[in-house]
Amino acid sequence: MLTRKRQLKNSTALHEANFAKLTRVFPGLRELQGKIIGRGPNDSLVELQVLESSKYTKTFSLKLKHDTASTILPSLHIKVRNYYDASVTEVLAFQKHHRLNPRYSYPNPMMYQCDEKWQTNQFLGEWLDHCLRGRCIFQDDTELLDA
């Protein structure tokens, strides 16, 4: 039981940290209505598109596409929801995997890890860290700014 409480606390901290990082990488995210497209190094393309918006939440699609000649890295697609009243960001879907449960028994039919949802949120945090280290700040329609 103690481990479960610790895991919940860590998940909340992770969601809060991701919210802070996401708002640094995409300033003005709360006001965004359409989408932001930015170009990165090696012809990579980042697209953030609002899917659903309400007073306290915003759901959006985050896509990273690489040069079509590159077959080493697949494109990345993450569906994310921001909760503005709680200042947290949660991954809802990763690649083509939707409705991830917080815990899975192992083994399971989809071969998810026991903490698959936590790992996808951790990945989002690491990707946002990479953006911040590279000083990638996306502001308006098609602009990539070097902060």
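Given a cut-off of 20 Å, name the pairs among Lys35/Lys63; Lys21/Lys117; Lys65/Lys117; Lys55/Lys96; Lys21/Lys79 whose C-alpha atoms lie farther apart than that in the structure shown. Write out the running numbers ahead of the final one.
Working: Lys35/Lys63 11 Å; Lys21/Lys117 18 Å; Lys65/Lys117 22 Å; Lys55/Lys96 28 Å; Lys21/Lys79 16 Å.
Correct reply: Lys65/Lys117; Lys55/Lys96.
At a 10 Å Cβ-Cβ cut-off, how would you order Val91, Val50, fewest neighbours first?
Details: Val91 23, Val50 15.
In increasing order of surrounding Cβ atoms, one gets Val50, Val91.
What's the extension gain from Gln119 to Leu132 if we count 0.36 nm per residue and subtract their Cα-Cα distance?
Numbers: separation 13, 0.36 × 13 = 4.68 nm, distance 1.98 nm.
2.7 nm is the gain from fully extending Gln119 to Leu132.
What is the distance, in nm, between label points placed 7 Å from the Cα along the Cα-to-Cβ direction at Gln95 and at Thr59?
2.2 nm
We did not get these values from a lab; they are worked out from the coordinates using the rules stated. This one's a predicted model, so the numbers in the text were calculated from it and none came from an experiment. Glycine also receives a Cβ, built like all others from the backbone with ideal geometry; neighbour counts cover every protein chain displayed.
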